[in-house]
Structures are given as C-alpha cells and as structure tokens.
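A short write-up of the structure that comes next.
The values are calculated or read from the model by the stated rules, or taken from the named source; none is laboratory data. In this text the structure is predicted, and so the values were computed from the model without any measurement. Reconstructed Cβ throughout: ideal geometry from the backbone, glycine too, with neighbour counts over all protein chains shown.
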Amino acid sequence: MTLPTNDDIARAARAIAAQTIRTPVLSLSSDRWRDILPDAASVTIKLELFQQAGSFKARGGLLGIRALDAAQRRAGVVAASGGNHALAVSWAAQAAGVSARITMPDTVDSLRIDGCRAMGAEVTLCADMPAAFAEMDRVVAEEGRAILHPFEGDHMTLGAAVCGAEYAAQAPQVDTLVVPVGGGGLIGGMGAAFKRARPDCTVIGVEPTGADSMTRSLAAGHPVALDRITTIADSLSAPRAMPQSFAVAQAVVDRMVHVTDDQMRAGMGHYMDVLRILAEPACAASLAAICGPLRDDLAGRHVGIIACGSNISVARWRALMAS
C-alpha cells in the first residue's frame, strides 16, 4: 500500500476541477458556539454538503468513472450505498453517459432513492447494507458491470485526498483533523493529504457505537466484519472494513472515538440551531465528537471538522430528532 503523493493528488484535482465545487470553510467563532465547543479551541468546518450531489463522494465518483476503459463504460457500473455514494455515482455516471445500477437498503430516505432514479440510475432495494453489498457482488458476477465501491479503491482515496488537500490549504492553522468514518475512504484520503501538508497533524476518526468496523479493525490489526449494525447514521454503516482503505487508515489515523446516536442528534440540533443546516447523522458526527468524547482533549487546539454531506428529507430529519 502506497499513500497518494502530492503529485497524485494534484493530478486528480486538476482532472475533476471543472466538474466539482471548491467547498467553503467556515470558522465556528460566534458567541453562539462558545458553550458548545471545546474550551479555548478554534474550530473550522469544511462544508462538503454543498458539493455536487450533496456530499464529498462526488470527487471519488468522478474519478472512478474517468478510470473506466471503453468496455467497462459500455457494460456500466454498480454501487452499493446508504445514499450519498449512490447519489454521487448516479450523478457522475449520468454526466458521462454511463449506465448505473445502485443497490440500497430499503430503509433509506426516499429523497435519496428518488434522487438516484431522477438521474437515470436503476435502483434495487435490499433488506440492509450487508444485503446491498451482496446484491452488488451478484450484479458484477451476472452482468459484468464495474464496481464503483463506496470506499475501497484508488478513486475513493484520491477523491478524499483532493478534499483534504483543499481543506489543508484553506485552513493552514488546523493541527487536529476529526473525520467521520464509514468504510474509511474519507479519513484515509483526507488524513493522507493533511499528513503530507503537516506531518504533525493529529487525525482522529469518529464512528457510531453501533457501526464501528474501523475501530475494531485497527485494534485487531486487520480488516474485520460486523455481525450487525445499529445506528441512525446509515451513511456510516459499512458492514466490514476492506484491505486497501484499512491499510491507508492504519497509516494515517492516530485515534478513533465513538459517538452515540443521541450525540449525533445533538450535533444535528446544533447545526440547525446555529447555522440553520439540515444535517444528516453522518454530517453531524465530527461535531458530535468534539462536543462529546473529545471535548476535554481538544481544549486549546486548532480543530478541523467536516460536514461530509447531507442528503436528508425534512420528514426523515424530524423523525430522527423525535426518536
């Protein structure tokens, strides 16, 4: 396993610059944040929910489509996803004129299902995320489609690294990066870019208590699978760690922490109350961590967090906040 180099990241950034958004960075410095954030800490947030297709996944999706050969483009692609990656692949495939199949849990927000179909993707609903991954594998075997995996592969690592390099340039003061973890593609790529820019930067991953495959994998020293997943954060519900994304995460992650569903709900509430952002649970995970289990540890630090994406309907947001 080799981490992406600065040249790799720069080439990828140039390749997708015309189709992606350089998302804004915001300092959480108003008095309304004072009692929420770690004491004496400066906190910066990168607003990836304003990216194409509503999440950071757009960069990796584009890079994955660009890497297809002519035969793969004719056969089309397939992706398993809880929603954000599904939308990104649907968007990137439509832009390139490539057929897309999406496998998703039947419990995901209808906004995501409808969004994929509106962009021309064929959607298959499954019982849960493990079943969605199994259906993706079946489609590959029977239809010959290329997998655009939600977190495993050079395209996803590089897409996240482009995001990380962008963030590091926008917020050079950040000495601690706190990133939500589903399968590990985001923290691996962002962490690699930050470590290239600032080797002494601390990279911390955040997982839900009921979906912590990366925490368990790093503790075990190898990728592990979960027997079951119990979390409201469907975008962070990877059923297992995978070799490449695990190896990259292992190389760049300094620490992992857990957040509960209630802590993510609190983060969702803070985003709505202060910024008027309708955040999905995964989007609120970094904020939940720095306001919860990391609050004392990050006092006085220059902290960078990411609102990784937010494709959620008002109805789903209200239901989650009421549960």
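Take the residues in region 15-32 that are in contact (Cβ under 8 Å) with a residue 24 or more places away in the chain and among the charged types (D, E, K, R); name whichever of them is farthest from G191 (Cα to Cα).
The extreme case among them is R32.
Being part of a loop (DSSP other than H, G, I, E, B) and either farther than 22 Å from M242 by Cβ or touching a residue at least 12 places away in the same chain (Cβ under 8 Å) (or both): is that true of V123 here?
Criteria not met by V123.
In region 79-100, how many residues are touching a Ser or Thr at 6+ places or on another chain (Cβ under 7 Å) and over 14 Å from R117 (Cβ atoms)?
Residues in region 79-100 being touching a Ser or Thr at 6+ places or on another chain (Cβ under 7 Å) and over 14 Å from R117 (Cβ atoms): 4 in total.
Would a scan of region 287-302 turn up a residue that is modelled with pLDDT of 95 or more, part of a strand (DSSP E or B), over 15 Å from T209 (Cβ atoms) and not basic (K, R)?
Within region 287-302 (the criterion being modelled with pLDDT of 95 or more, part of a strand (DSSP E or B), over 15 Å from T209 (Cβ atoms) and not basic (K, R)), the answer is yes, since at least one residue qualifies.
Does region 23-38 hold any residues that are at pLDDT 95 or above and surrounded by fewer than 13 Cβ atoms within 10 Å (Cβ to Cβ), and which are they?
Within region 23-38, P24, S27 meet the criteria.
Can you work out which of the residues in region 132-153 that are crowded, with 17+ Cβ neighbours inside 10 Å and in a helix (DSSP H, G or I) is modelled with the lowest pLDDT?
Among those that are crowded, with 17+ Cβ neighbours inside 10 Å and in a helix (DSSP H, G or I), it is F133.
Listed residues R295, R316; which is in contact (Cβ under 8 Å) with a residue 60 or more places away in the chain and more than 25 Å from A193 (Cα to Cα)?
Exactly one of R295, R316 is in contact (Cβ under 8 Å) with a residue 60 or more places away in the chain and more than 25 Å from A193 (Cα to Cα), namely R316.
Which of (1) of a type outside the set (G, A, S); (2) closer than 22 Å to Q173 by Cβ; (3) crowded, with 24+ Cβ neighbours inside 10 Å is the odd one out, the single condition L62 does not satisfy?
L62 satisfies all of (1) of a type outside the set (G, A, S); (2) closer than 22 Å to Q173 by Cβ; (3) crowded, with 24+ Cβ neighbours inside 10 Å except (2).
Would you be able to say whether some residue in region 218-227 is in a helix (DSSP H, G or I), without any contact (Cβ under 8 Å) to a residue 40 or more places away in the chain and either touching an Asp or Glu at 6+ places or on another chain (Cβ under 8 Å) or buried (at least 17 other Cβ atoms within 10 Å of the Cβ) (or both)?
Among the residues of region 218-227, at least one is in a helix (DSSP H, G or I), without any contact (Cβ under 8 Å) to a residue 40 or more places away in the chain and either touching an Asp or Glu at 6+ places or on another chain (Cβ under 8 Å) or buried (at least 17 other Cβ atoms within 10 Å of the Cβ) (or both), which makes the answer yes.
Name the residues in region 246-276 that are surrounded by fewer than 19 Cβ atoms within 10 Å (Cβ to Cβ) and in a loop (DSSP other than H, G, I, E, B), would you?
D254, T260, R276
Within region 90-107, take every residue that is at pLDDT 95 or above and of a type in the set (V, I, T) and give me the one that is surrounded by the fewest Cβ atoms within 10 Å (Cβ to Cβ).
Here the answer is V98.
Which condition number in (1) in a helix (DSSP H, G or I); (2) farther than 20 Å from M190 by Cα; (3) out of contact with any strand residue (DSSP E or B) (no Cβ under 9 Å at 6 or more places or on another chain) is the one that A12 fails?
For A12, the failing item is (2).
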